[in-house]
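Working notes, structure below.
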Amino acid sequence: MPAEINTELENATGVDVSAARAALREVAHEPGSKKPDPIVVADNVRRTFGGLTAVDVQHVEIQRGVITALIGPNGAGKTTFFNLITGFDRPDDGDWSFNGQSLRGVAAYRVARMGMVRTFQLTKVLAKLTVLENMRVGATGQHGERLLRAMFAPFWRHQETSNTEKADALLERFLLIKKREDFAGSLSGGQRKLLEMARALMADPELVMLDEPMAGVNPALKQSLLGHVKSLRDEGRTVLFVEHDMDMVRDISDWVIVMAQGKVIAEGPPDSVMGDQRVIDAYLGSHHDQDLSVEMEEQILAAAEAEIAEEHGEEPVQTASTSSEGEQRG
Amino acid sequence: MDWHSIFSQALQQGLGPVAAVYCLAAIGLNVHFGSTGLLNFGQAGFMAVAGYAMTSFVATWGLSFWLGSLVGLVAAALLALLLGVPTLRLRADYLAIVTIAAAEIIRQTIGSVTLLKYFGGQDGLQAFNSSFANLNPFTGRIGIPGVVSWRPYDFWTLVVCWLLCALCCLVVWLLMRSPWGRVLKGIREDEDAVRSLGKNVYAYKMQSLLIGGLIGGLAGIMTALQHSAINPSFFATDTTFFAYTVLLLGGAARVLGPVAGTIIFWFLISFLDLFFGAATSGADPLIPASIMTSNQASLMRFVVMGLSLMLLMIYRPQGIFGDRRELAIDAR
């Protein structure tokens, strides 16, 4: 299925995809490495919820024209970071930019208009609107969305027709054309993911940000979704996605950024990252691959006993010393 | 029992000026609640502000009725801004709390003794509608001969009110079929999704609150004109809830929902009142006094109304014009 989707795609943004991917080979495999042509740059972005520091990213750059995956164990701050750079949440501190333009304090809807459109982990389709209407909402710069012009159809009918054509083409590509007139709420989970992705494309974004595009999607549809994500890149769009599915990450991403406990801990192409000790430690704990030999067991036991002895032993020792001091004084 | 007279009088209410005023208020609420998902529980507040602005302009300051009406609508719009600025960025329930409180604050303030010389306290204001009444082209009782008829002034307010309803329905229909209306419906479904597509959700909600509030303001002005008087009790919280009943009965988010809803609601409520009144009065009442006295009969309409609303919510929650398919989605 993915093969038939990839045909006949025009490059929509004029980005040379193969050059962008080739340029990544020169990039150092370390957290916060400089990219030759970054579309998003974030510096010192920090977000705390009470005492918990959810995100604390020193420096990260996202290369234009490639698929970048953002991975990490649960609670690593991936989605929060997503929300922060798309304006859906405000960080405590930090600066980040899109195409060199600072996005600090920019409202979410303006970020989207600039060409950085996101989807959501829990899909947000407009349930009581038809699939086609969902798509039409996605189009930007509509005259008919201004209150005073909205009442008079001649102002927006022409634009509406061209938006509908565009929507139909996208629905065709995302295999939703048969559902065109159905309520979006009647779609299955996987179809909703497709609709959300297609709807995001109505805005012609330069950067598509997908939050867990594979969550809750059956394996058959997964293959098709993978093809669709690749097709976004082949059109010249930059893709940043959060994902837990490692097969998908390995399969389609050109670059992987790993987060753990709010920080970027590793970066690199998928294969190098998967073998990175820091990444394995973050996912599985730092002692996960050490066999528990007899000596190790003894070591751990000794350490534990020492700790217990310290806790029990310290107090009487202290009281003894103070009382002896008292005697000396008296 | 005189069935003809009962039907005739019930129809007089169902199509009458009171029904038309509630229709206007419900059209406003439909823009808020039906299309945008804004929970405005203070439609009575919008009505009071506009109604009192108009009447006090004429009765207290002796200025023009038309200027008063215009100022009334501006006041309703200002109220929408005042309520919207702090609450529309927050979750939907905050607007509900603020609007219901604001409507009560407005009613209590207007009825207060301190402002007696401007707004007439609890007695309200009278004698402000001469320029409106002078435009009345009708004389004698008017209506459908043998079926229903109204006094000339009632018929005049009725005609103006229904014309305003038609105009508002037209505007709402034009707006809701446009891309603008589509964004509103999108906001009702999921405002974050709409925001992620580059729409300024806050501005759209504000526009919706303004338009619905203005239509509510029209309803307030017409309330005053239709009664030829105004007092704070016209704008109690039950006014808002009657308007919601009308809206839900007809079907929210449907342009003609409020129109059908208001006619059915007012027809039924007066029909039940007249029926139970007739059934318990006279020498040999249909319902014996041991079951129900004529005093109790006047409350029966609310009992039956409440029961039928419950049944409506169970068996046809989408209202009369609603689409069953839409509700099936909620259940998923």
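A few notes on this one:
- Tail weight of P(r) past 19 Å, computed on alpha-carbon pairs of segment A:33-99, percent: 30 percent
- Given +1 at the Cβ of Lys and Arg, -1 at the Cβ of Asp and Glu and no other charges, the dipole of segment A:32-81 around its Cα centre is 60 debye to the nearest 20.
- Principal axis analysis of the Cα atoms in the protein assembly as shown yields extents of 107, 93, 53 Å, listed in decreasing size.
- Whole-number percent relative contact order across chain A, with pairs defined as alpha carbons under 8 Å at least 6 apart: 25 percent
- The Kirkwood hydrodynamic radius of chain A, based on inverse pair distances between different Cα atoms, is 22.6 Å.
- Taking one quarter of the surface of the C-alpha convex hull of segment B:178-271 gives a mean projected area of 7.4 nm².
- Three principal axis lengths of chain B [C-alpha, angstrom, descending]: 70, 56, 37
- When only alpha carbons are used to place a centre, segment B:294-313 and segment A:103-163 end up 45 Å from one another.
- Order of B:MET313, A:MET274, B:MET47 - criterion: other Cβ atoms within 10 Å of each residue's Cβ, fewest first: B:MET313, A:MET274, B:MET47
- Between the listed residues B:ILE211, B:VAL183, B:VAL255, the Cα displaced farthest toward the positive end of the dipole of segment B:170-301, a dipole computed from Cβ unit charges relative to the Cα centre, is found at B:VAL183.
- Mean Cα-pair separation over length for segment B:113-157, i.e. relative contact order, pairs under 8 Å, 6 or more apart, %: 27 percent
- Structural descriptor for chain B: relative contact order 31 percent, calculated from alpha carbon pairs under 8 angstrom and at least 6 residues apart.
- For segment A:1-119, the Kirkwood hydrodynamic radius from C-alpha pairs, put into Stokes-Einstein at 20 °C and a viscosity of 1.002 mPa s, yields a diffusion coefficient of 135 µm² per second.
- For segment B:30-169, size of Cβ-based charge dipole, Lys and Arg +1, Asp and Glu -1, in debye: 60 debye
- Segment A:223-303 - charge dipole about Cα centre, Lys and Arg +1 at Cβ, Asp and Glu -1, debye rounded to 20: 540 debye
- Global geometry of segment B:1-143, whether rounded, prolate or oblate, following the gyration tensor of its Cα atoms and the 1.5 cut on a/c: oblate
- 10 Å-binned pair-distance histogram of segment A:173-232 (Cα, whole percent): 20, 59, 21
- The local environment of A:THR161, defined by Cβ-Cβ distances under 13 Å, has a net charge of 0 under the rule Lys, Arg +1 and Asp, Glu -1.
- In this label model, B:HIS4 and A:GLU295 are separated by 11.4 nm, measuring between points 7 Å along each Cα→Cβ vector.
- The shape of segment A:103-235 can be summarised by an equivalent ellipsoid whose semi-axes, obtained from the alpha carbon gyration tensor, come to 25, 19, 13 Å from longest to shortest.
- Ordering A:ASN74, A:SER33, A:THR238 by the projection of their Cα atoms onto the charge dipole of chain A, which places +1 on the Cβ of Lys and Arg and -1 on the Cβ of Asp and Glu, puts A:THR238 at the extreme positive end.
- Segment B:50-73 versus segment A:23-43: alpha-carbon centroid distance in Å: 66 Å
- Each pair of Cα atoms in segment A:213-268 enters the Kirkwood radius, and Stokes-Einstein at 37 °C and 0.692 mPa s then converts it into a translational diffusion coefficient of 266 µm²/s.
- Selection among A:VAL273, B:LEU67, A:ALA203 by position relative to the dipole of the protein assembly as shown gives B:LEU67 as farthest towards the positive end (Cβ unit charges, Cα centre).
- Computed over segment B:39-113, Kirkwood Rh from alpha-carbon pairs, angstrom: 12.8 Å
- FRET efficiency for the pair B:SER298 and B:ASP93, taken as 1/(1 + (r/R0)^6) with r the Cβ-Cβ distance and R0 = 30 Å, rounds to 0.25.
- Overall shape: oblate for segment B:131-173, with the ratio a/c of the largest to smallest alpha carbon gyration tensor axis at 1.5 or above and b/c at least equal to a/b.
- Residue order for B:MET310, A:MET214, fewest other beta carbons within 10 angstrom first, comes to B:MET310, A:MET214.
Quick note: the coordinates plus some simple rules give every number you see, no bench work behind them. Please read all numbers here as calculations on a predicted model, not as lab measurements. With ideal geometry, Cβ positions are generated from the backbone for all residues, glycine too; neighbour counts draw on all protein chains shown.
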